[in-house]
Amino acid sequence: MILRTRLSPATLFAALGSVVSLGAQGLFAVFLLKLFDASAVGQFSVVSQIAFCWATLALAQSPLSLLADRHIAAQTAAATAWGQSAVRMLWMSPWALLALWWSQSHATAGATNWSALAPWACGIAGLQMSWLLAQSLTLRQQATAAVAWVRLLPPVLAALIAWFGAGALGRTDSSTLLLSALLGYGAGAAWLLPALRNTSAQTDTGTSSATVSADTRDTRLKLLHTLTDVAVSGLLAVQWQALYGTAEAGMLLVLLRIFGFIPGLVHSAWAQVAMSEGTAQRRASLRIAALACGVILIIALAVDAALRWGWLQASWQGLGAYLWPLACWQMAACAMAAHAHLPFAHGRAVRFSWQCIAMNAAMLALLLLPLLGHVLPIGLTAHQHLLLVSGFMTLALMAQALDHGLHRQSR
């Protein structure tokens with residue numbers, strides 16, 4: 001067995017919801033590859049990535065703090081976090097719109113104007129922000145079935161809308177994908193309201209004093225950590241499109257979307273549940289990481305086979321160059337995600353944030369490296385740039401996971 005410890009109902013429902021969510025998102029990724037061309041996927045991916053960065057920065061890691069700070073009533077913490085996040089989202093809006101404008105500055109003549117994409121980005125960001133808080137709140141409340149439904153409903157609904165729009169209505173442009181994301185996140189965000197009104201759930205489920213989980217970081221550190229996170233993910237999408245074109249950005253981002261489901265699943269169904277329960281599971285985390293890496297390997301082999309056997313549209317033939325570097329990167333991300341609860345259980349959350357900030361700073365420098373080609377003899381192709389970025393992230397994430405996994409033995 002992967003786990004020898006008894007799993008709580010919250011763990012089982014979180015895993016169920018995450019697995020169904022993974023399947024729906026995988027199906028959505030198949031629709032992206034099969035029903036939509038690379039340009040439509042590229043535009044959708046850039047807009048959704050900017051919206052994700054906007055929502056994530058506005059949250060400033062509030063969902064993690066909501067899980068870790070078990071001494072604060074869940075409803076109070078969630079209401080406060082949403083209000084503060086909404087204010088941050090408002091004053092960050094000029095930067096999000098600037099990123100959207102920059103992403104479209106090198107677009108072809110037939111591409112959608114950035115101002116027409118701005119309402120999509122704003123709506124998706126606001127609803128996604130609420131959905132992420134709803135996931136943590138239902139988990140803190142140990143709301144059993146709600147833990148599963150809040151996770152699985154948005155991706156299932158988004159996949160159905162994308163399939164119906166492209167397959168039944170023949171709408172294969174980016175607006176179909178944007179609408180599917182908007183309605184999906186809206187369904188997930190709706191869970192926040194009844195969860196806030198639910199005052200019957202316990203705010204603390206009894207945690208061993210040896211493994212009390214807490215977020216010891218101050219707001220400024222959490223905001224800086226989040227800022228560097230979203231700067232990397234946002235610049236990766238925007239810069240790749242600006243430097244190498246919409247099709248190349250589509251290939252990079254669609255594979256990150258496919259592979260990124262797995263570390264996301266590990267974090268949501270394993271690390272977050274362990275954090276909400278205040279437990280530290282080291283050996284089980286190693287098994288979870290190994291299983292997740294095996295799943296990514298299977299996915300990579302399946303995509304490789306689809307390319308070799310001509311199952312995808314001709315515009316996706318360049319996907320092979322991105323496949324294995326990104327697979328290695330996301331395997332390392334799985335190892336880190338499996339151990340992500342340990343810094344909070346061992347009082348090392350501050351160290352964890354500074355590690356991430358340093359890694360993100362190096363990543364930003366690597367993404368901006370091609371811009372120095374005008375003053376230094378640096379000439380990078382898209383593939384060379386990809387190998388540099390993915391190689392660094394693979395090594396950095398593995399080192400970070402090893403640091404957290406071996407901490408107890410080194411004390």
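Measuring nothing but protein heavy atoms, the accessible surface of the chain at 1.4 Å probe radius is 68 percent carbon and sulfur. Summing Cβ point charges (Lys, Arg +1; Asp, Glu -1) relative to the Cα centre of the chain gives a dipole of roughly 920 debye. Relative to the longest principal axis of the Cα atoms of the chain, the long axis of helix 74-91 makes an angle of roughly 30 degrees.
Average accessible surface for region 46-189: 39 Å² per residue, computed with a 1.4 Å probe over protein heavy atoms with every protein chain in place.
Think of region 219-330 as a dipole: +1 on every Lys or Arg Cβ, -1 on every Asp or Glu Cβ, centred on the Cα centre; then among Leu326, Ser285, Ala269, Ser285 lies furthest on the positive end. Between Ala306 and Arg351, what's the calculated FRET efficiency when r is the beta-carbon distance and R0 is 56 Å? Round to 0.05. Efficiency at R0 = 56 Å is approximately 0.85. Extension gain for Ile298 to Leu90 (0.36 nm times residue separation, less C-alpha to C-alpha distance): 70.7 nm. Can you work out the FRET efficiency for the pair Leu406 and Ala290, with r the C-beta to C-beta distance and R0 = 22 Å, to the nearest 0.05? It comes out at approximately 0.85. Angle of helix 349-368 to the longest C-alpha principal axis of the chain, folded into 0 to 90 degrees and rounded to 10: 0°.
Taking the longest Cα principal axis of the chain as reference, the axis of helix 320-338 is set at about 10 degrees.
The values are calculated or read from the model by the stated rules, or taken from the named source; none is laboratory data. Note that this is a predicted model, so its numbers are computed, not measured. Counting neighbours? That spans all protein chains shown, and the Cβs are built from the backbone with ideal geometry, glycine included. Protein only, heavy atoms only, side chains kept; ligands, DNA and RNA dropped before computing areas. Shrake-Rupley method; radii C 1.70, N 1.55, O 1.52, S 1.80 Å.
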